[in-house]
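**Q** A single structure is presented below for examination.
The values are calculated or read from the model by the stated rules, or taken from the named source; none is laboratory data. None of the values given here were measured: they were computed from a predicted structure. Please note: Cβ atoms are built from the backbone with ideal geometry, for glycine as well, and neighbour counts cover all protein chains shown.
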Amino acid sequence: MISKLKTTMMASETLRTGGAAGIIVAARIIGTFGTLLYTVLMARMMTPENFGIAWTLWSIVYIAGYLVTLNIGATAIREVVRARASGDDASAAGFIIVSRWILFIVSIPAISVFIGFIWWQHPSILADYPVAVFLAAATIPVMGWDAINAAQATALDKVLRSQLPSTLVRPLIFIVAFGAIWAFGYSLSLETVLAIFFTAAIMIATVQHVLIWRFFNFIKSVKPDLSGWARWVGSGLLLAPNRLLNDRLKDVLLLVTAVPLGAVGVAKMAVALSIINFLNFAINAVETAFAPKLAQNLTRNLADGVAPRQMTRATHFIAISGVLKVGMLGAGVIALWLILPLLISFYGPEYSASTPLVWWFALIPLSTAVFGNTTLVMQIFDQRSAFFYSSVFGLIMLVVAGVYGVPIIVAYGIDPLIATAMSFAVTMTTLQAYRWVLCWSRTGIDVSLLGALIRRQKHLKQYSAGSETPSVSTT
């Protein structure tokens, strides 16, 4: 029975992909609860101000870790998949090598810009905690290395191996380190937090190397074709604003929060975003697991940016991933409803104001699940310029909403924290709706959950009527 079930799962592309998504979701749930645990320890052992400063530095490092690679990893799912699907391993190898060269060349300027930004925007942090700032700066190239390797391994369809290290290793290291410090009664300084942060990045790189390096061996058997470097870099830069809004939204929101609310406001906002993160992780895990299959099916028969005629398989994967995202989101909201007061109480009475922020931030993953993964489709259909402008517009609107919109809302008697969360949630929901319309109008593909379900049902009816040959199992 077990052997037969295993054979059935391996024979079904949908079940294999769904199984990978399930494992990633489980790992991310574990990682998210680990994050909750170590943030509770931090909140208990640090003042709200130092807690907020730590998150501010972390946020800048996370963002810089992507930008230090010029965001070239964001195009791996398109460039590497397309090259290997057409048998052009030389181009795929060239892409990987160029990515590493960029990291090496850009690291020093990026570190200099990071320190300059801290000196310009937060001079007191540099003056009071110089060691912490320099430890954060040293982490930037390591984070960049982790990011490009994870992106390339995902493009090689090694999703589990690419995602698990960063998902599990960092929370584990933080829990062990912070737990030991708490158990022995030592204080948790900002410098100690940044030293552990740097160590975790090194450990992730090490584990990642062990898990994925052998899948890059094809590079040694071909002469890398580097001729596409300008296109790859340009594509990465075009996708950088969108990457910030998707993968590093929490860090963007915390940096914007620091302007009107300061370090203590950042600390309370970080607690709410940390709690809501497991909803985002669940959605991102499903999208990451289904992205290679969806990219392969959309790329087949693609010509001149026109959607392929046979969309059955792609529609199937869009619909199934949408159902999974909404289902997990619903389960997560129910769980939050039951345990949120308890979770907030762990952080201490200083963070009770974070409770209503969680429900406002829940609108962000909800809009992502409903409107679908527009990023991948727009990228595949060479609509990166349009997506670039929409992402830049979104970033500008977040800054405007946080810096200028919040005071207006506060003037009507709304609490500053709630006003900030409200402005961010409404801005992101509006942006997701606009991207859905933009994607549909530019590519002819409706990636929303409702649209995919309707089209999938039409495909099934056409097949049952004998007018179309199915191209994907419905298991």
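**Q** Can you tell me which of ALA85, ALA90 is surrounded by fewer than 19 Cβ atoms within 10 Å (Cβ to Cβ), touching an Asp or Glu at 6+ places or on another chain (Cβ under 6 Å) and of a type in the set (A, V, I, L, M)?
**A** Testing whether each residue is surrounded by fewer than 19 Cβ atoms within 10 Å (Cβ to Cβ), touching an Asp or Glu at 6+ places or on another chain (Cβ under 6 Å) and of a type in the set (A, V, I, L, M) leaves just ALA90.
**Q** Continuing with this model, one more query. I'd like the full set of residues that are acidic (Asp, Glu) and closer than 14 Å to LEU239 by Cβ, limited to region 58-99.
**A** Answer for region 58-99, where residues must be acidic (Asp, Glu) and closer than 14 Å to LEU239 by Cβ: just GLU79.
**Q** Being in a helix (DSSP H, G or I), polar (S, T, N, Q) and either within 13 Å of VAL370 (Cβ to Cβ) or at pLDDT below 90 (or both) narrows it down to one of SER441, SER423, so name that one. Spell out the reasoning first.
**A** Numbers: SER423 fails: either within 13 Å of VAL370 (Cβ to Cβ) or at pLDDT below 90 (or both).
Criteria check complete, one pass: SER441.
**Q** Separate question: Report those helices (runs of 4 or more DSSP H) wholly inside region 1-85 carrying at least 2 residues which are at pLDDT 85 or above and closer than 26 Å to LEU156 by Cβ. Quick ask: steps written out before the conclusion?
**A** Working: elements: 2-11, 13-45, 48-67, 76-85.
Helices (runs of 4 or more DSSP H) meeting the threshold: 48-67, 76-85.
**Q** Here are the criteria: (1) among the polar types (S, T, N, Q); (2) modelled with pLDDT under 90; (3) in contact with a Leu (Cβ under 9 Å, 6 or more places away or on another chain). Tell me which single one THR429 does not satisfy.
**A** (2)
**Q** From the list SER124, SER166, which one is of a type outside the set (Asp, Glu) and under 22 Å from PHE104 (Cα atoms)?
**A** SER166
**Q** So, one more: Just one of TRP58, TRP101 is without any contact (Cβ under 8 Å) to a residue 60 or more places away in the chain, closer than 29 Å to THR375 by Cβ and out of contact with any Cys (no Cβ under 8 Å at 6 or more places or on another chain); which is it?
**A** Just one listed residue meets the conditions, TRP101.
**Q** Right, here's the next one. Take region 405-415 and flag every residue that is under 27 Å from the mean Cα position of the chain (by Cα) and over 17 Å from LEU431 (Cβ atoms).
**A** Passing the criteria: only VAL406.
**Q** What are the residues in region 375-389 that are touching a Ser or Thr at 6+ places or on another chain (Cβ under 7 Å), in a loop (DSSP other than H, G, I, E, B) and not aromatic (Phe, Trp, Tyr), if any?
**A** If the condition is that a residue be touching a Ser or Thr at 6+ places or on another chain (Cβ under 7 Å), in a loop (DSSP other than H, G, I, E, B) and not aromatic (Phe, Trp, Tyr), then GLN383 is the only one that fits.
**Q** Could we say that ALA136 is of a type in the set (A, V, I, L, M), part of a helix (DSSP H, G or I), out of contact with any Pro (no Cβ under 8 Å at 6 or more places or on another chain) and more than 30 Å from ALA289 (Cβ to Cβ) here? Break it down stepwise before answering.
**A** Details: of a type in the set (A, V, I, L, M): yes; part of a helix (DSSP H, G or I): yes; out of contact with any Pro (no Cβ under 8 Å at 6 or more places or on another chain): yes; more than 30 Å from ALA289 (Cβ to Cβ): yes.
The answer is yes for ALA136.
**Q** Filter region 169-204 down to the residues that are assigned to a loop (DSSP other than H, G, I, E, B) and small (Gly, Ala, Ser), then identify the one that is farthest from GLY144 (Cα to Cα). Outline the logic, then answer.
**A** Here is the first cut: in region 169-204, the residues assigned to a loop (DSSP other than H, G, I, E, B) are 184-189.
Narrowing the set further to residues that are small (Gly, Ala, Ser) leaves 185, 187, 189.
Details: GLY185: 34, SER187: 30, SER189: 26 Å.
That would be GLY185.
**Q** From (1) surrounded by 14 or more Cβ atoms within 10 Å (Cβ to Cβ); (2) β-branched (Val, Ile, Thr); (3) at pLDDT 90 or above, pick out the condition that doesn't hold for VAL406.
**A** Going through the list (1) surrounded by 14 or more Cβ atoms within 10 Å (Cβ to Cβ); (2) β-branched (Val, Ile, Thr); (3) at pLDDT 90 or above, VAL406 breaks only (3).
**Q** Still on this structure: Got a number for residues in region 132-148 being among the acidic types (Asp, Glu) and free of Cβ contacts under 8 Å to residues at least 24 places away in the same chain?
**A** Looking only at that region, the number is 0.
**Q** crowded, with 19+ Cβ neighbours inside 10 Å and either within 19 Å of PHE388 (Cα to Cα) or out of contact with any helix residue (DSSP H, G or I) (no Cβ under 8 Å at 6 or more places or on another chain) (or both) - does that describe any residue in region 209-232?
**A** So far as region 209-232 goes, yes, one or more of its residues are crowded, with 19+ Cβ neighbours inside 10 Å and either within 19 Å of PHE388 (Cα to Cα) or out of contact with any helix residue (DSSP H, G or I) (no Cβ under 8 Å at 6 or more places or on another chain) (or both).
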